[in-house]
Amino acid sequence: MCGIIGILGENSAVKAFNALKKLDYRGYDSWGIASKEKNEITLFKQTGKLPEILPVKFNSNVSIAHTRWATHGSVTEFNAHPHISSNKKIAAVHNGIIENFEELKESLKEQNYEFYSETDSEVIPNLVQFYMEFEKKDFITAVIRALSKLEGNYAVLFMHEDFNGIIAAKNGSPLVCGIGENEFFFASDVPAFLSHTKKAVYLNDLELAVASNNKIHFFDLKKNKEIQKETKIIEWNLEQAEKGNYAHFMIKEIYEQPETIKLALEQPKEKINEAIELINKAETVFLIGCGTSFNASLTGAYFFSELTKIKAFAFNASEFSALKNSINEKSLIIALTQSGETADLIDAVKFAKEKKSKIISIVNVMGSSITQLSDLNLMMNAGPEICVLSTKSFSSQLTILLLLASAVAGKTSEVKKIILNAANYITELIPIAEKKAEKIAEELKNAESILVIGRKEFYPLAMESALKIKEVSYIHAEGYAGGELKHGPIALIEKDFPVIVLSSEKTRVNTLSNAHEIKSRGAKIIGIDSIENKLFNEFIEVKEFSYANALVSIIPVQLLAYYLALEKGFEPDKPRNLAKSVTVR
Ligand code: F6R
């Protein structure tokens, strides 16, 4: 979690502050900035969200800044980053978790180093000071020494009052470097510097970069030597990272889906062929992900069963290592992730690699950790997803999974056509469903709980619907397989209990018989289907698109979740307690 930015270049403080706004989806409980003016580091920190403009004036060409999602220590100014060394000469911002911070802190305290925060991160600049003072190392060498003592994850930026530059290093947390005209950027994510440059260098784990004197150098910390890195051109554009005329990123990203589904379809032929080979060679395919990406994994397992004879099963990435005796060199892992940085997924992939399994990832962020761990990456091409809730990345994931299953089944062109038709139809559907969703949200805003049911691939869709509703409106919601209702949850049903029923031609008979069971107990039913039914108190019509029904039916629920948040006065882009990119376990 947390967003970090460092800028070496003219007007760095204002640029860093504006860049921080592009990163606040990563954490938004406090923020801070450090700038070097002449030979002195000045800090400014605040709790709460970022203000409109930078409240202090800095005249500096070196700044580092941070937006926080608290892990160690509560939300206070002291705990906000940047943290500064005891001698006030070294400042650092950190994203990640230092697992051995307590022992490091204790030994530094014994040497009279002062600590002001409860964070794990504050040991980092102090450790650098220690190596500069006691081992008489220069700044860069002291940083390298300090990093070698850290256990855990970090993306960290350093500045020193006597050094006109920034040192950046990464191990397990995201960090990308932007190369501008006479300026350098280091950030947790590309949108932070997209308005300045599209040239980027992605750091791998245990790599370090030093930007100073208009030059940048990269080092491999394992081999202890300088390395050359490839500069990539970022394909995302600035508009994708801006809200434009939309009130929130969430609604903008829902509206983008016809386009992003089409972009997800554009997979290079050789990559699909490689994927088919890996899938066909595998004894078992395991689809893994967290949260929304898990719901997409489960939907994908249904796609594989529907279209192929492949044994494909979905697992929560955080539970995956429990399968220790079932994963081996004959297993293929399909890892789904928008950010490519989710710690639970990274652990699961590393575990599978140890067992010699092959890894295909379906991922949105180029250069992210998962892309570096996988044998084959299929990029979602969805552009930056800024709202903390995943919407467009879910439909992109479903699109690629459907594409893979159909490719294995030899039905690529048929299924591609269906997906394209569905994407075009979603353009028509969104404004119509939006009006309905707005009205239904008004009716449901005081509900304490909402159930969502569906069968077959609509079961994971029900789970995804419930996840969207609870994340953004804070109404308790649960997604169930229709057939499971009578095994317990039906006990909850009383007069006017809202239940969203997702059905289609393929599942209608059985799903509607579940709807009957709850309707007769007083449930208020919101039907999402291609045909209206007298059981429905409210109805949102969606057309049938065969294998691609799930892509279409999720749209009304995403809209409903959005309007429930607005009805309840909540900020949809930044739900409480959540942050995009969950880099903690
Ligand atoms: C839900 C949501 C989360 C993420 C999950 C995995 O709206 O955003 O549940 O889906 O944290 O994130 P990625 O896909 O980045 O691995």
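The values are calculated or read from the model by the stated rules, or taken from the named source; none is laboratory data. Nothing here was measured: the structure is a model prediction, and the numbers come from that model. In this analysis, Cβ positions are derived from the backbone assuming ideal geometry, glycine residues included, and neighbour counts consider all displayed protein chains. Just so you know, the surface numbers come from the protein's heavy atoms only, side chains and all, with ligands and any DNA or RNA stripped out. Shrake-Rupley method; radii C 1.70, N 1.55, O 1.52, S 1.80 Å.
Descriptive notes on the structure:
- Förster radius 30 Å - calculated FRET efficiency between Asp496 and Glu571 (Cβ-Cβ, nearest 0.05): 0.60
- The angle between the Cα long axis of helix 12-23 and the main principal axis of the chain comes to about 20°, on a 0 to 90 degree scale.
- Crossing angle, helix 508-519 versus the chain [Cα axis fit, 0-90 degrees, rounded to tens]: 90
- Remark: the Lys350-Phe115 segment gains 81.1 nm on full extension, using 0.36 nm per residue and subtracting the alpha carbon distance.
- Over the chain, Cα pairs under 8 Å with separation of 6+ residues give a relative contact order of 12 percent.
- When the charge dipole of the chain is built from unit charges on Cβ atoms (+1 for Lys and Arg, -1 for Asp and Glu) and taken about the Cα centre, the candidate among Ala352, His83, Tyr116 whose Cα reaches farthest toward its positive end is Ala352.
- Probe 1.4 Å, all protein chains present, accessible-area order of Glu438, Glu10, largest first: Glu10, Glu438
- Extension gain for Glu235 to Thr76 (0.36 nm times residue separation, less C-alpha to C-alpha distance): 53.5 nm.
- Once all protein chains are placed together, Leu566 keeps about 60 Å² accessible to a 1.4 angstrom probe.
- Counting heavy atoms of the protein chains alone, Arg68 has an accessible area of about 10 Å² for a 1.4 Å probe.
- Here Ser449 and Leu420 are evaluated by their C-beta separation; at R0 = 25 Å the FRET efficiency comes out at 0.10.
- Ligands, DNA and RNA left out, the accessible area of the chain computed with a 1.4 Å probe is 48% carbon and sulfur.
- Two-decimal Rg/Rh across the chain, once Rg and the Kirkwood Rh are taken from alpha-carbon atoms: 1.00
- For the chain, DSSP calls about 60 percent of its internal beta bridges antiparallel.
- Whole-Hz couplings from phi, Karplus 6.51/-1.76/1.60, listed for the stretch 396-407; x for Gly and Pro: 5, 4, 4, 4, 5, 5, 5, 4, 5, 4, 6, 5
- Averaging the sequence gap over all C-alpha pairs within less than 8 Å and six or more residues apart, then dividing by the number of residues, gives the stretch 471-526 a relative contact order of 43 percent.
- Measuring r between the beta carbons of Lys411 and Val56 and using R0 = 51 Å, the FRET efficiency lands at 0.25.
- Area of Asp29 that stays accessible when all protein chains are in place (1.4 Å probe, Å², to 10): 40
- Accessible-area rank, largest first, for Phe570, Phe313: Phe313, Phe570, with all protein chains present and a 1.4 angstrom probe.
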